[in-house]
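Bear in mind that the values in this text are calculations on the coordinates, not laboratory data. Fair warning: this is a prediction, and the values are worked out from it, not measured in the lab. Note that each Cβ is placed from the backbone with ideal geometry, even for glycine, and that neighbours are counted across all protein chains shown.
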Amino acid sequence: MSFKPIIVVAGEPNSIFMEIFVKSIKKNNYKNPIILIASYNLVKLQLKKLNYKIKINLLNHENLNIRYLKNDRINLLNVSYSFKKPFEKISSKSKKYISDCFELALRLIKSGFSDKFINGPISKKHFLSKKYLGVTEFLAAKTKTKKSAMLIYNKELSVCPLTTHLPIKLVSKKINRKSIIEKVNLINDFYKKKFKFKPNIGVLGLNPHCESIDKFKEDLVIIKPTIDNLKKKFNIRGPFPADTIFLKDNRKNFDVIIGMYHDQVLTPLKTIYEYNAINITLGLPFLRISPDHGPNEKMMGKKKSNPTSLIEAIKFLDKY
């Protein structure tokens, strides 16, 4: 295990994150120190609003020493943010603040201080502003990473969408041999490095039942020939119909299932495992994970949110 701090960017300030963060660090003992990057004043006010009593250890980012960090309190690096209430309506107002938090985290990672990174949920609409499809693509651009993949990980079964947050009408245009090969390589390398085995990978077709009335059939023209070629090097099979692959007797044959679009694989995985899954970005020069859910604006301040995904994210990084 690499004993380095886990850097956590709080993400969207108007979200359930502070609630699930406190629940996560209070219920578990972690070996690695955890450092939160957020607004000190906002954290204080949100803790008061949530009636959470926990100490804040305000850090100096110019003089960090992990020997003095304890997880019985919030080790916090302050980033300035202007607000009026502990929880406000999500808007583009928080964009610069979130960006500043990410920039500080990336500087710490680039310096070698840490290689373990978690970000809280963000609003794609307001923070990414259509420039990036998701945080996976945002961080890939920030780190000049050419090949990346979103892996929604559970130790029993993980999924990877070939395309991420694209409208359905654009998905078929992005299905190509190069992208499939890229994702398979990233997944295989990750499992071999972290878990010491070659994963069994199943690949889904694009169309219902892997059939199409259209003249151009992606399943037969692109997906199947690519899989047949990859069988020489990887434990891979497909294409499979998406409507039956997640049945118990089918999914048990795979470690990872690659789908052609976001909801094709995330919907069944979340139905099966609910909050017990984490979002890992493959291909980055560090381990980046986020809880597999959004800001959940409707639940802000209610103290009813489930912290399981964030707990699993911290536990995962705590092992490495």
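Can you tell me, using C-alpha contacts under 8 Å and at least 6 residues apart, the relative contact order of the chain as a whole percent?
Reported relative contact order: 25 percent.
Highest mean first, what order results for 98-108, 137-147 on Cβ atoms within 10 Å?
Listed from highest to lowest mean packing, they are 98-108, 137-147.
What are the residues whose amide H is under 5 Å from the amide H of Ile122, where those residues sit 5 or more places off or on another chain and H is modelled from the backbone?
Distant-sequence amide H within range of Ile122: Glu12.
List, in order, the whole-Hz ³J(HN,Hα) value for each residue of the range 39-51 obtained from phi through the Karplus relation with A = 6.51, B = -1.76, C = 1.60 and θ = phi - 60°; use x for Gly and Pro.
Along the range 39-51, the couplings run 7, 4, 5, 5, 4, 4, 5, 5, 4, 5, 4, 7, 6 Hz.
Give the aspartates and glutamates reachable from Lys304 as a straight Cα distance under 14 Å; neighbours fewer than 8 places away on the same chain don't count.
Those aspartates and glutamates meeting the cut-off are Glu19.
Which of the residue pairs Lys27/Lys55; Lys146/Lys270; Lys93/Lys298; Lys116/Lys193; Lys116/Lys169; Lys147/Lys196 have a Cα-Cα distance greater than 25 Å in the structure shown?
Too far apart for the 25 Å limit: Lys146/Lys270; Lys116/Lys169.
Residue by residue through the range 305-317, which ³J(HN,Hα) values in whole Hz follow from phi under the Karplus form 6.51 cos²θ - 1.76 cosθ + 1.60 (θ = phi - 60°), with glycine and proline marked x?
Going residue by residue, I get 7, 8, x, 3, 5, 5, 4, 5, 5, 5, 4, 4, 5 Hz, with x marking Gly and Pro.
Around Ile6, which amide H atoms from residues at least 5 apart in sequence, or from another chain, sit under 5 Å from its own amide H, with H modelled in the peptide plane?
Ile34, Ile35
Under the definition of Cα pairs under 8 Å and six or more residues apart, what whole-number percent is the relative contact order of the range 151-276?
39 percent
Loop only per DSSP, at most 15 neighbouring Cβ atoms within 10 Å: give me the trypsin sites (Lys or Arg not before Pro) in the range 162-225, ordered by residue number.
Lys196, Lys215
Ignoring everything except DSSP H segments at least 4 long, calculate the 222 nm mean residue ellipticity for the chain; use -39,500 (n - 2.57) per segment, divide by total residues, nearest 500.
Helix contribution divided over all residues of the chain: -9500 deg cm²/dmol.
Which residues' amide hydrogens lie under 5 Å from the amide hydrogen of Phe240, considering only partners 5 or more residues apart or on another chain, with H built in the peptide plane?
Val203, Leu204, Gly205
Quick check: from the Cα gyration tensor, does the chain come out rounded (a/c under 1.5), prolate or oblate?
prolate
Pull out a ≥ b ≥ c, the square roots of the eigenvalues of the alpha-carbon gyration tensor of the range 158-310, then state rounded if a/c is under 1.5, prolate if not and a/b is larger than b/c, and oblate in the remaining case.
prolate
Once phi is turned into ³J(HN,Hα) by the Karplus curve 6.51 cos²θ - 1.76 cosθ + 1.60 with θ = phi - 60°, what whole-Hz value does each residue of the range 127-138 show in order, with x for glycine and proline?
Those phi angles translate into 7, 7, 6, 6, 6, 10, 6, x, 5, 3, 6, 4 Hz.
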